[in-house]
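The values are calculated or read from the model by the stated rules, or taken from the named source; none is laboratory data. From a predicted model like this one, the values you see are computed outputs, not experimental measurements. Virtual Cβ from ideal backbone geometry, glycine too; neighbours counted across all protein chains shown.
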Amino acid sequence: MIEVIIPNYNGKDHIKECLDSLRIQTEKNFSITIVDNASEDGSDDIIAKEYPEVNLIRLNKNFGFAKAINYGIKEALKKTEIKYIILLNNDIKCDRNFIKEMISGFVANDVGSVASKMLNYYDNSIIDAAGDYISWRGLPTARGNGMKDTEKFNKGIFMFSACAGAAAYKREVFEQVGFFDEDFYAYFEDVDFGFRLQLMGYRCYYNPKAICYHKREATFSKWKGLITKLCEKNLLALRLKNYPILLLIIFQPIFFASRCIRYWKFLKNDSFETFKNALLGYFLGLREIPKTIRKRRQIQKLKKISNSELLKILKSFK
């Protein structure tokens, strides 16, 4: 049995198309839970009225992406028959074979997650994401974003992590590794979780046959400043939590130089407001360091792969 979990916040313009695409799936052995973050546009009422098959959970405030999906995951884990959990954004339209192919992506026992081929909703010839990885500069990166959907994206490969906008996970990874970091609120929480899976010896498989269409940042596009702030805050936590101390020291000069270059580009190409939000996010991350270190201790205690194995994984994605 499969549980599909969709977080929703003011998704009136997207949620019907998402749910309609799930109604016509070739795979029928799944249920849907939507966790609504106190929507104000009536989208939760649309779901309740027009999609009675959906388990709708209404939260009393907007807790962000990470806490909403954790709420849904914990509810799903109460059902012993659930073996796989698929996370889906509300601005996704799924190919009719999407769920079937997501589950077929568990090609080996050590595969803990499956990444889908996410295409640009408005131009299906453009890749939105074909798995996620961490670049040599230490930045979470959507593989192929903005590139033409060429033959190389039709090959199934092992990736660093899956974009949680359309990803599948084995039940056991949540039972053994834990859940998404709710302090992230939104952005990079999926790469952070994928990093923890890698440290625990779980691999991520990219299945190009699992196709969906994504309206990137459709929910958050109005809040560019917030996105910048969250990304900078979460980036600091992601690195500090997951990199073993030796690798953290080795990569620190690159991380520092990359941040300086990025902030200079914010000033040069964007605006002082963007630069200010980036700086604010960084200082928010610094303020959370004591909490982040406590999380780090637990993560590193559970690490099952060596530093050399992790370095090889990180270097395998260019």
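Values for this structure:
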quantity	calculated
Scan of region 142-166 for residues that are in a helix (DSSP H, G or I) and either among the aliphatic types (A, V, I, L, M) or within 14 Å of Phe188 (Cα to Cα) (or both), ordered by number	none
All positions within region 241-250 that are surrounded by 19 or more Cβ atoms within 10 Å (Cβ to Cβ), touching a residue at least 24 places away in the same chain (Cβ under 8 Å) and in contact with a Leu (Cβ under 9 Å, 6 or more places away or on another chain)	Asn242
Selected residue (only one of Ile82, Ile46, Ile73 is modelled with pLDDT of 95 or more and either within 15 Å of Ala167 (Cα to Cα) or assigned to a strand (DSSP E or B) (or both))	Ile73
Selected residue (criterion: surrounded by the fewest Cβ atoms within 10 Å (Cβ to Cβ)) from residues of region 251-273 that are in contact with a helix residue (DSSP H, G or I) (Cβ under 7 Å, 6 or more places away or on another chain) and without any contact (Cβ under 8 Å) to a residue 24 or more places away in the chain	Leu267
Region 9-33 - residue that is assigned to a strand (DSSP E or B) and touching a residue at least 40 places away in the same chain (Cβ under 8 Å) and, of those, nearest to His214 (Cα to Cα)	Thr33
Residue check for Lys93: in contact (Cβ under 8 Å) with a residue 12 or more places away in the chain, assigned to a strand (DSSP E or B) and over 30 Å from Phe256 (Cβ atoms)	yes
Some residue of region 280-302 being surrounded by 11 or more Cβ atoms within 10 Å (Cβ to Cβ), within 26 Å of Arg143 (Cα to Cα) and more than 22 Å from the chain's Cα centre (by Cα)	no
Residue within region 167-174 that is at pLDDT 95 or above, closer than 24 Å to Arg239 by Cβ, outside any strand (DSSP E or B) and in contact with a His (Cβ under 8 Å, 6 or more places away or on another chain) present	no
Candidates Phe30, Phe63, Phe98, Phe106, filtered to the one that is within 17 Å of the chain's Cα centre (by Cα) and either of a type in the set (Phe, Trp, Tyr) or surrounded by fewer than 17 Cβ atoms within 10 Å (Cβ to Cβ) (or both)	Phe63
Residue that is farthest from Glu50 (Cα to Cα) [pool: residues in region 18-27 that are of a type outside the set (Ser, Thr, Tyr) and crowded, with 17+ Cβ neighbours inside 10 Å]	Gln25
In region 180-219, the residues that are part of a strand (DSSP E or B) and aromatic (Phe, Trp, Tyr)	Tyr205, Tyr206, Tyr213
Within region 244-318, helices (runs of 4 or more DSSP H) holding 1 or more residues that are touching a Cys at 6+ places or on another chain (Cβ under 8 Å)	272-287
Subset of region 34-43 (residues that are surrounded by 18 or more Cβ atoms within 10 Å (Cβ to Cβ) and either not hydroxyl-bearing (Ser, Thr, Tyr) or not in a helix (DSSP H, G or I) (or both))	Ile34, Val35, Asp36, Asn37, Ser39
Filter result (among the basic types (Lys, Arg) and either closer than 18 Å to Asp13 by Cβ or assigned to a helix (DSSP H, G or I) (or both)) within region 49-70	Lys49, Lys67
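Yes/no matrix, rows are residues, columns are (1) touching a helix residue (DSSP H, G or I) at 6+ places or on another chain (Cβ under 6 Å); (2) surrounded by 18 or more Cβ atoms within 10 Å (Cβ to Cβ); (3) over 18 Å from His214 (Cα atoms):
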| site | (1), (2), (3) |
| --- | --- |
| Asn120 | no, yes, no |
| Ser125 | no, no, no |
| Ala129 | no, yes, no |
| Asp132 | yes, yes, no |
| Arg143 | no, yes, no |
| Asp149 | no, yes, no |
| Asn154 | no, no, no |
